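Some notes on the structure that comes next.
The values are calculated or read from the model by the stated rules, or taken from the named source; none is laboratory data. Computed from a predicted structure; not experimentally measured. For neighbour counting, all protein chains shown are included, and Cβ atoms are generated from backbone atoms with ideal geometry for every residue, glycine included.
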Amino acid sequence: MDLALGKVTEIVNPEKFIIKFTIEDSIEDAVAYPIDTFDELNIGDPILIYGLDTIFGMSFIYQKQRLFDHTRLKLGDQLIDIMKDRITISSGIENFNDNGNLSDSDPGLKLQSGKGRVIEIDSNGDVVIHSGKNAQVKIDKDLTIKVRGDAKINVTGRCNIKSTDACTIRGKSVSIKGTTNQVTPTGTGPFCAIKTCPLTGMPHVGDTVM
């Protein structure tokens with residue numbers, strides 16, 4: 001078995017990682033098959049070439065070289081990057097640099113419209129989900145959730161929101177809508193438990209609380 005350093009010249013089958021390679025002054029555009037390779041190659045990547053002399057002639061298998069500063073698993077537009085300070089899981093990415101990394105420091109700016117998603121987990125324990133241009137959800141190590149962009153929570157079944165401590169809802173305007181709303185006084189609250197005012201006849205029960 002001969003061993004040599006070659007360079008990828010063509011991607012023959014990106015899903016099976018079958019490529020063509022060239023060894024300078026020796027072999028040009030020969031087909032090779034992967035050994036323990038789980039990361040899609042790019043044209044120009046250096047690879048180790050093993051030559052197998054069989055009864056059918058010479059065959060070639062290759063091993064991809066590890067990237068310098070991180071470990072990567074990539075197939076099509078799906079990508080997992082393992083770096084010293086963070087892990088990213090990406091789907092629907094359309095712009096990579098030569099090393100396969102996102103070509104912008106903000107992955108949210110490089111997602112395919114309506115498709116791309118990136119999940120980042122850094123060494124501080126923060127989790128950031130990028131979804132489309134400039135939209136993101138960040139969950140920090142203290143479980144504080146920050147949303148950049150519009151957010152919706154849709155529940156198809158029953159929903160129960162409960163806090164064992166104080167709960168605050170704050171916004172420029174707050175609306176509570178439903179087919180049936182009920183406000184139950186605690187004994188010291190501002191709401192009246194009588195459904196209709198005995199003096200004016202004004203209803204105290206309705207579908208809006210302000």
Query raised in the report: Which residues, taken from the range 34-60, are out of contact with any Lys or Arg (no Cβ under 8 Å at 6 or more places or on another chain) and of a type outside the set (A, V, I, L, M, F, W, C)?
Result: D36, N42, Y50, G51, D53, T54, G57, S59
Requested in this report: Within the range 152-175, count every residue that is at pLDDT 85 or above and either touching a strand residue (DSSP E or B) at 6+ places or on another chain (Cβ under 8 Å) or among the β-branched types (V, I, T) (or both).
Outcome: 7
Requested in this report: Taking P46 as meeting all but one of (1) at positive phi; (2) touching a residue at least 40 places away in the same chain (Cβ under 8 Å); (3) not acidic (D, E), write down the number of the exception.
Outcome: (1)
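Residue under question is G57, and the condition is that it be more than 30 Å from A135 (Cα to Cα) and modelled with pLDDT of 80 or more; does it hold?
When the stated conditions are applied, G57 does not pass them.
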Query raised in the report: Looking at the range 60-109, which of its residues are modelled with pLDDT of 80 or more and of a type in the set (D, E, K, R)?
Result: K64, R72, K74, D81, K84, D85, R86
